[in-house]
Amino acid sequence: MGTIYLLQRLPDIYCLDLSPGLFIFENMNRLQAILLFAMLALPALLSAQKQVKLSELQKMIHEEGPVKVVNFWATWCGPCVKELPYFERLNQDNKNVKVILVSMDYDLDPDPARVKRFIDRKKILSEVIILAEEKPNEWIEKIDKSWGGGLPSTLIINPANHKRKFIQGEMKEGDLEKLVQEVSQ
């Protein structure tokens, strides 16, 4: 969501810029315009990144539907940031796959606005959630028993046939497509 601007250009004409749209309202007094703007802008202002607990993430991973590609990453992790374009490309190119980017930033910095700014700056379109859990060593095995906690890590799961792959470490170009194909067979 872009910046919200409240402008009075001429008497009784107000503009609200909620990128990507510009809304113009005429014949309103200032109070009416402010109230209307507040109603329209409040959801945008409150739309910090979605935070979920482990139990909700597990439901998302195992719910019926397409193959899930779940990437565990953090804004401070260089290899994580480097591989994000591969997940974005998969999300755009393969509509039979659901990409979920799980931010692990909460344990070090529980402020969702930092992740939101990062996502906006990088123009990430995939679904991004923040795993709102502390003490990763207490729950990482619930994602995959082989996970040592390193980032980046990726879980690819097909709910239809229960095939799954768990990869620790950075993906290279083309890896995701091959792994999705393996769990789809």
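Values quoted throughout were computed directly from the atomic coordinates according to the rules given, and no laboratory measurement underlies them. In this text the structure is predicted, and so the values were computed from the model without any measurement. We place every Cβ from the backbone using ideal geometry, glycine too, and count neighbours over all the protein chains shown.
Within the stretch 118-185, list the trypsin sites (Lys or Arg not before Pro) lying in a DSSP loop whose Cβ has at most 11 other Cβ atoms in a 10 Å radius.
In loop regions of the stretch 118-185 (DSSP not H, G, I, E or B), the sparsely surrounded trypsin sites (Lys or Arg not before Pro) are Lys123, Lys145, Lys172.
Considering only the stretch 50-184, what is the antiparallel percent among its DSSP beta bridges, to the nearest 5?
Looking only at bridges with both residues in the stretch 50-184, the antiparallel portion is about 45 percent.
Gain in length, Leu108 to Leu125, computed as 0.36 nm per residue apart minus the alpha-carbon separation, to one decimal in nm?
3.7 nm
Using the structure shown, list the pairs from Lys82/Lys122; Lys98/Lys145; Lys82/Lys135; Lys50/Lys82 with a Cα-Cα distance above 21 Å, or answer none.
As for pairs spanning more than 21 Å Cα to Cα, those are Lys98/Lys145; Lys82/Lys135; Lys50/Lys82.
Report the trypsin sites (Lys or Arg not before Pro) located in the stretch 81-118 that are in a DSSP loop and have at most 13 other Cβ atoms inside 10 Å of their Cβ, or state none.
Lys95
If amide hydrogens are placed 1.01 Å from N in the peptide plane, which non-local residues have theirs closer than 5 Å to the one on Ile100?
Val69, Val70, Asn71
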